[in-house]
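> Below you will find the structure I want to go over with you.
The values are calculated or read from the model by the stated rules, or taken from the named source; none is laboratory data. No experiment lies behind these values; they were computed from the predicted model shown. So basically every Cβ, Gly included, is an ideal-geometry build from the backbone, and we count neighbours across all protein chains shown. Areas reflect the complete protein model, heavy atoms only, side chains present, ligands, DNA and RNA absent. Shrake-Rupley method; radii C 1.70, N 1.55, O 1.52, S 1.80 Å.
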Amino acid sequence: MAGAAEVYDYAAALAEFDASRSTVRSLVESGIASVPPLFISTTNYPPTDILAIPTVDLSLPLSSSAPIVGAAARMCGFFHVTNHGIDAGAAVSAVRAFHELPPAVRSAFYSVAAVEGMSYSTVPYMDRNSFDGPGPILPWRVSLRVLLQAADLGRLPAECRDALVEYLRCIEELGKKMARLLSEALGVGAERLETATQVEGWLMACNYYPPCPEPARVEGAVEHTDPSLFTVLAQDGIGGLQVRINGGDNDGQWVDVPPVPGALLVNVGDVLKLVSNNEYHSVGHRVMIKSSQDARASLAVFFNPAMSGGDSNLLGPLQELITTEKPAVYRSFTMTEFMDSRRKFGHGKLSTDQFRVALE
């Protein structure tokens, strides 16, 4: 009918964006003045408060720092760490250097799915044939994602390679320290989490959030929880991270978590939520775009169990945390099952609920 509103074809627009091998960074470089429909969020963003999350001084002995970690992991799932001895600023600068390379250099890495352990795109990997109608909005972000046990880091451009390789060397040691702290704070001994899961760096996400001509209409990262035991984030001073507190999925209050100069940010992931038998909280979080002028850069390293998906590598609530008063909340699972649930049910509570023990 003449004058009828044109129906937006999400699948066709996504296919066109895929075929162009574009990223949100290249859209900004092209000089767009408005946000394409693929990126427009319909979420209402009320004013937010600022959350002063705990800071853990890693120069303190385990007996002093573990109680702070435990309180934070049980309260909001996030905490800063200082005196970590890592040059995080150099690593974040390296991430920015990669994303601000000439387009012809960056485009050589373009891939939605991992190729030789690396991918570089705006669009996260998802089943392109699964949408009967509008699909999820695309994030105002471009990411270089590196599977740490599969990628050859020598493939990284010289402008960022050395700093990222050195950062990963240091962050692996920090990951072991975080595992000890989180384990001690659970009351099961400092080595228990490492013994049960064999903690290792799994994924490095080098994220770049370009300035946006209409920042209030987009999200740098939509609400999600992390598919990890825990995640360590380095970031610049731009900010934009928000955390949902005092509620569950689609409930609770959004609060800003400003960067702390020199600190790394640690958050509990869904795997640790299950292994801790719900002692620790894996909290929904998102990234908002703060500026039409300044880009944000961050570097997230996700730590997970060094296990294959076979039945001999089952995970589940630690036995020490199961009592008559607090029986097991979740059944045993493999990492293959866990990742399959994420892909099927999304990045939040619905996914972890698939592993809940049925009530008698």
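> Each residue of the stretch 216-226 in turn: what ³J(HN,Hα) in whole Hz from Karplus with 6.51, -1.76, 1.60 and θ = phi - 60°, glycine and Pro shown as x?
6, 9, 10, 10, x, 8, 6, 4, 6, 10, 8
> Could you tell me the distance between the Cα centroids of the stretch 204-219 and the stretch 272-345, to the nearest Å?
25
> Between Ala158 and Ser107, how high is the FRET efficiency from 1/(1 + (r/R0)^6) when r is the Cβ-Cβ distance and R₀ = 22 Å? Nearest 0.05.
Once the sixth-power term is evaluated, E becomes 0.85.
> Nearest 20 debye, what's the magnitude of the dipole of the chain about its Cα centre given +1 on Lys and Arg Cβ and -1 on Asp and Glu Cβ?
Its charge dipole is roughly 120 debye.
> Hey, another quick one. Could you give the accessible area per residue of the stretch 1-109, probe 1.4 Å, as a whole number in Å²?
Working: 5740 Å² over 109 residues.
On a per-residue basis, 53 Å².
> How large is ³J(HN,Hα), in whole Hz, for each residue of the stretch 296-302 in order, when computed from phi with the Karplus curve 6.51 cos²θ - 1.76 cosθ + 1.60 and θ = phi - 60°, using x for Gly and Pro?
Once θ is set to phi - 60°, the couplings for the stretch 296-302 become 9, 10, 8, 9, 10, 10, 9 Hz.
> What 222 nm value per residue comes from the helices of the chain, counting each DSSP H run with n ≥ 4 as -39,500 (n - 2.57) and dividing by all residues, nearest 500 deg cm²/dmol?
-8500 deg cm²/dmol
> Rounded to the nearest 0.05, what FRET efficiency do Thr82 and Ala12 give with R0 = 45 Å and r taken as the Cβ-Cβ distance? Could you check? Display every interim value, and only then the final one.
Numbers: r = 49 Å, r/R0 = 1.09.
Calculated value: 0.40.
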